[in-house]
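Structure first, then comments.
The values are calculated or read from the model by the stated rules, or taken from the named source; none is laboratory data. Keep in mind that what you see is a predicted model, and the values were worked out from it rather than measured. As a convention, Cβ positions derive from the backbone with ideal geometry for all residues, glycine included, and neighbour counts pool all protein chains shown. Calculation scope for accessible area: heavy atoms of the full protein, side chains included, ligands and nucleic acids excluded. Shrake-Rupley method; radii C 1.70, N 1.55, O 1.52, S 1.80 Å.
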Amino acid sequence: MALVAVGAGGLLVGTGSLEDPKFRALFLELRGLRFLAALVAGAGLAGGGVLVQGLFRNPLASPSILGTTAGASLGGQLVLLLQPAGGSAGVGIRAEVLLGLGSVAGALAALVILLVLLQRRADRVTLLLTGFVLSTLLVAVGSFVVSIAQSRHELGRAVVAFTLGGLEGVGRSQLALALPLAGVGLVAAWRWSGPLDALLSGETEAASLGVDVVQARRWIVVWVALLTAAGVALGGNVAFVGLVVPHALRGLVGAEHRTLLPLAALGGGVFLAACDVAVRLAPGSGEVPLGVVTGLVGAPLFLYLLRRTGAG
């Protein structure tokens, strides 16, 4: 029901003044692509949040803790910084596709760095600390890229807009790039539901049940990277989706990952699509960045859930 309501809002909000049937049809098609992009991006980010929270046995964890979110964001920022004004980079690829490819490449590069650093030791604490330091480093490099981009007005605006998140201008090519990543990541992660459930009882207990803890941990990190890459490639650096949605649903449906993961993916898509509708309803001449709206909605919601959990 929520999906239908949000979908109707995503398609129809702001179309009342469009009287030309042809222009209205084109506008609705673009809105449909934007709605699908919100579903895919939200599903990827929320699915990654489920995996990270299960991996660390901590409902307060988010995909950004592994550095892949910062890597994906940095990859997109570098593409914007390095491509020429025409946006084709001299190889006949459209600018929005290059942006998505840069985000995917950045997330995978961060994943490779993380796995290389964890070759000898892959315990949970080392993974957490390494991911945190890597994320901090990549965010710092991204801030440096933003500062460089300010020397050119339009470039600076584009880099900041991508950093703050948004779904405007999403096309078929970006969806074609991100949808397989999100789909493969979610299906593969769902197949690891059993080991994730076992890890909730502790690594020693999981190992006694036959789970290869080190292998499970590494593969889960891979799926988190794919899901994060899909989300950032479409929506930019959007906060709180991977933190709030899994945390909220875990209290409603329980912690079993075979059930939680698909519901969180659906909930993340609905949440991000609803926030995108709110973007267009906000007052002002231009759209508020999507990451700002998810923060304004997600942060109070998370604090409420945290307080309710603590009271319980």
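Out of all the residues in region 201-228, which are of a type in the set (S, T, N, Q), in a helix (DSSP H, G or I) and surrounded by 12 or more Cβ atoms within 10 Å (Cβ to Cβ)? Can you show your working first?
Taking region 201-228 as the starting set, the residues that turn out to be of a type in the set (S, T, N, Q) are 201, 204, 208, 215, 228.
After this cut, where a residue has to be in a helix (DSSP H, G or I) as well, the list is 204, 208, 215, 228.
Residue satisfying the conditions is 228 alone.
Just one of the listed residues (78, 74, 45) is within 13 Å of the chain's Cα centre (by Cα), part of a helix (DSSP H, G or I) and modelled with pLDDT of 90 or more, namely 45.
Residue count for region 37-58 under the criterion of being of a type outside the set (Lys, Arg), closer than 24 Å to residue 201 by Cβ and touching a residue at least 12 places away in the same chain (Cβ under 8 Å): the result is 11. Looking for something part of a helix (DSSP H, G or I), among the acidic types (Asp, Glu) and either open to solvent by less than 60 Å² (accessible area, probe 1.4 Å) or touching an Asp or Glu at 6+ places or on another chain (Cβ under 7 Å) (or both) - is there at least one such residue anywhere in region 166-184? No; the residues of region 166-184 include none that is part of a helix (DSSP H, G or I), among the acidic types (Asp, Glu) and either open to solvent by less than 60 Å² (accessible area, probe 1.4 Å) or touching an Asp or Glu at 6+ places or on another chain (Cβ under 7 Å) (or both).
Residues in region 117-138 that are of a type outside the set (Phe, Trp, Tyr), surrounded by fewer than 18 Cβ atoms within 10 Å (Cβ to Cβ) and in a helix (DSSP H, G or I): 117, 124, 125, 126, 128, 129, 133, 136, 137.
Against the definition (more than 26 Å from residue 77 (Cα to Cα), assigned to a loop (DSSP other than H, G, I, E, B) and not charged (D, E, K, R)), how does residue 239 come out, yes or no?
Values: more than 26 Å from residue 77 (Cα to Cα): no; assigned to a loop (DSSP other than H, G, I, E, B): yes; not charged (D, E, K, R): yes.
So residue 239 fails the test.
All of (1) more than 28 Å from residue 124 (Cα to Cα); (2) open to solvent by 20 Å² or more (accessible area, probe 1.4 Å); (3) not hydroxyl-bearing (Ser, Thr, Tyr) hold for residue 262 with one exception: (1).
Could you tell me whether region 258-265 includes any residue that is free of Cβ contacts under 8 Å to residues at least 60 places away in the same chain and touching a Leu at 6+ places or on another chain (Cβ under 6 Å)? Let's see the steps before the verdict.
Initial filter on region 258-265 (free of Cβ contacts under 8 Å to residues at least 60 places away in the same chain): 259, 263.
Add one more test, that the residue is touching a Leu at 6+ places or on another chain (Cβ under 6 Å), and what stays is 263.
Yes, that holds for at least one residue.
Open to solvent by less than 20 Å² (accessible area, probe 1.4 Å) and more than 19 Å from residue 53 (Cα to Cα): which single residue out of 296, 272, 305 fits that description?
Numbers: 296 fails: open to solvent by less than 20 Å² (accessible area, probe 1.4 Å); 305 fails: more than 19 Å from residue 53 (Cα to Cα).
After applying the criteria, what remains is 272.
Scanning region 217-232 for residues that are within 8 Å of the chain's Cα centre (by Cα), small (Gly, Ala, Ser) and within 14 Å of residue 74 (Cβ to Cβ) turns up just one, 229.
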